[in-house]
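*Asks:* Please find one structure pasted underneath; my questions will follow.
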Amino acid sequence: MKRNVAYTVGGVLLVDSLSLAVMLARDAQPPQVNAAATEAAPEMVAAPGRVEPVSEEIKVAAELSGKLKLVRVEEGDRVEAGEVIAVLENADYAARVASAEAELLRREAELRRVINGARAQERREAWAEVKAAEAVLENARVELERRVTGYRDGVFAKEEADRAEREFGVAKARYEAAVERHRLIDDEAREEDRSRAEAEVAAARAQLAEARALYEKTLIHAPITGVILRKHLKAGESVSTQRDTPIITLADTSTLRVRVDVDETDVGKIRVGRRAYVTADAYGSRKFWGRVVRVGSILGKKNVRTDEPTERVDKKILETLVELEGTPGLPVGLRVDAYILVNE
């Protein structure tokens, strides 16, 4: 009886062993591979990247040192190119502009006076002075002739004749001065006077342009149309040209790009125009498609770290830009995984 039980147990063990061997042999066989599917699987280059605006980030600062009077924008605001986004304290610069404008008006009036000459009233006054001097001269001439004749006839002493001659000389000099003054007032402007007046006007205009340019620099304009990414300073804070003190950071986010760190071992596979897509942990399995629009020409250090313990930081990379299609709405600076198709 015991012998029969032993035979039965041995048979069961043998059957189980044979079944296990069959299963192991079946699992050891290589899986059947679909050759068509293998050929259709796309080859791609995977690399880390970071989202950036098409304009890249532009830090806007002031060209003059001073204190901010106001900052008109907040983060997330959209601005147009040329829009005033901040203003420095500029009362002194405005006063310089007003002073330069007044000086220009004065110089222009002087130029007109030189070109136009004296007014009609001044001309009449000068002519009246000539006629008055002429009358005095005529009286002095008549008196001189009378005194000289009287001296010859013994009526007047020689001193009387000499005094009449001196008075005639004075009258003649005054008449000649009046004539010269009238000629100067009535004559056209001399070339040198006009040139000097024109030069003074040009100098005044240059001073006004300089004053206006300085005033304009107290108004900080948006260099491009875009979105305010960051507001670094607020009203009341100081800016300085001696150190890097941006007021805001601005970018054109109408089109987004991904700056990809392609490993040096894969640079031969990258071409402009290749299709690519990116994924991000925050968006799950969603793919954001685009194309390679620029491939760098020099290898450099990594820009994006993957935080993997096995990552080598000493490897060289080639910066490659992938421009995303449409408006994916990804935040600037988001770290993504990029996949560039190389066998399309």
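Throughout, read-outs are computed from the coordinates displayed, never taken from laboratory work. Values in this document were obtained by computation on a predicted structure and should not be read as measured data. In this analysis, Cβ positions are derived from the backbone assuming ideal geometry, glycine residues included, and neighbour counts consider all displayed protein chains.
*Asks:* Subtracting the Cα-Cα distance from 0.36 nm times the residue separation, let me have the gained length for T255 to W289 in nm, one decimal. Before the final figure, lay out the partial values.
*Replies:* Numbers: separation 34, 0.36 × 34 = 12.24 nm, distance 1.27 nm.
Once the chain is fully extended between T255 and W289, it gains 11.0 nm.
*Asks:* Please turn the phi angles of region 279-291 into ³J(HN,Hα) values with the Karplus equation 6.51 cos²θ - 1.76 cosθ + 1.60 (θ = phi - 60°), one per residue in order, whole Hz, x for glycine and proline.
*Replies:* 10, 9, 4, 5, 10, x, 8, 5, 10, 10, 8, x, 9
*Asks:* If you look at just the Cα atoms of region 166-265, how large are its Rg and its Dmax in Å?
*Replies:* So, for region 166-265, Rg and Dmax equal 33.1, 113 Å respectively.
*Asks:* Still on this structure, please answer the following. Could you list which residues have their amide H under 5 Å from that of R294, counting only those 5 or more apart in sequence or on another chain, with H placed in the peptide plane?
*Replies:* For R294, the qualifying residues are L321.
*Asks:* Which of the listed residues, A235, A213, H182, is farthest toward the dipole's positive end in region 113-256, when Lys, Arg count +1 and Asp, Glu count -1 at the beta-carbon?
*Replies:* Selected residue: A235.
*Asks:* Among A173, V130, F156, flag the residue with its Cα farthest along the positive direction of the charge dipole of region 97-213, charges on Cβ as +1 for Lys/Arg and -1 for Asp/Glu.
*Replies:* Of the candidates, V130 comes out farthest on the positive side.
*Asks:* Also, I was wondering about something else. Taking the alpha-carbon distance from K131 and a cut-off under 28 Å, which lysines remain once sequence neighbours fewer than 8 residues away in the same chain are dropped?
*Replies:* K172
*Asks:* I want to check the label-to-label distance for A102 and A135. Put each point 7 Å from Cα in the C-beta direction and report it in nm to one decimal.
*Replies:* In this crude label model, A102 to A135 measures out at 4.5 nm.
*Asks:* How big is the dipole moment of region 97-213 about its Cα centre under a simple scheme where the beta carbon of each Lys and Arg is +1, that of each Asp and Glu is -1, and everything else is neutral? Debye, nearest 20, please. Walk me through the intermediate numbers first.
*Replies:* On the way: 24 positive and 28 negative charges, 32 e Å.
Computed charge dipole of region 97-213: roughly 160 debye.
*Asks:* What FRET efficiency, computed as 1/(1 + (r/R0)^6) with R0 = 56 Å and r the Cβ-Cβ distance, is obtained for N343 and T245, rounded to the nearest 0.05? Write down the numbers at each step before the final one.
*Replies:* Details: r = 50 Å, r/R0 = 0.89.
Approximately 0.65, to the nearest 0.05.
*Asks:* OK, next. On a C-alpha basis, how far is the centre of region 196-260 from the centre of region 42-83 in Å? Whole number, if you could?
*Replies:* Here the answer is 15 Å between Cα centres.
*Asks:* So, in nm, how far is label R275 from label N303 when the simple model puts each one 7 Å beyond its Cα toward the Cβ?
*Replies:* 2.5 nm
*Asks:* Here is a follow-up. Calculate the radius of gyration of the Cα atoms of region 97-213 to one decimal place, then report Dmax, the largest Cα-Cα distance, as a whole number, both in Å.
*Replies:* According to the Cα coordinates of region 97-213, Rg and Dmax are 24.4, 84 Å.
*Asks:* Sticking with this one: Cut-off under 15 Å on the C-alpha distance; same-chain residues fewer than 8 positions from K316 excluded. Which aspartates and glutamates are left, in chain and number order?
*Replies:* D261, D263, E264, D266
*Asks:* Expected output is a single nm value to one decimal: the length gained when fully extending between K59 and I115, i.e. 0.36 nm times separation in residues minus the C-alpha distance. What is it? It would help to have the intermediate numbers written out before the result.
*Replies:* Working: separation 56, 0.36 × 56 = 20.16 nm, distance 5.18 nm.
Gain in length upon complete extension: 15.0 nm.
*Asks:* Need the full-extension length gain, E325 to A95, defined as separation in residues times 0.36 nm minus the C-alpha distance. One decimal, nm.
*Replies:* Values: separation 230, 0.36 × 230 = 82.80 nm, distance 5.13 nm.
Once the chain is fully extended between E325 and A95, it gains 77.7 nm.
*Asks:* Here is the link list: K234/K302; K59/K217; K269/K315; K59/K302; K59/K287. Which ones come out longer than 27 Å on Cα distance? Please list the in-between numbers first.
*Replies:* Details: K234/K302 35 Å; K59/K217 16 Å; K269/K315 17 Å; K59/K302 23 Å; K59/K287 31 Å.
Too far apart for the 27 Å limit: K234/K302; K59/K287.
*Asks:* Now a separate question. Quick one: dipole size for region 138-271, taken about the Cα centre, charges +1 on Lys/Arg Cβ and -1 on Asp/Glu Cβ, in debye to the nearest 20. All intermediate terms of the calculation are to be shown ahead of the outcome.
*Replies:* Numbers: 25 positive and 28 negative charges, 151 e Å.
I would put it at about 720 debye.
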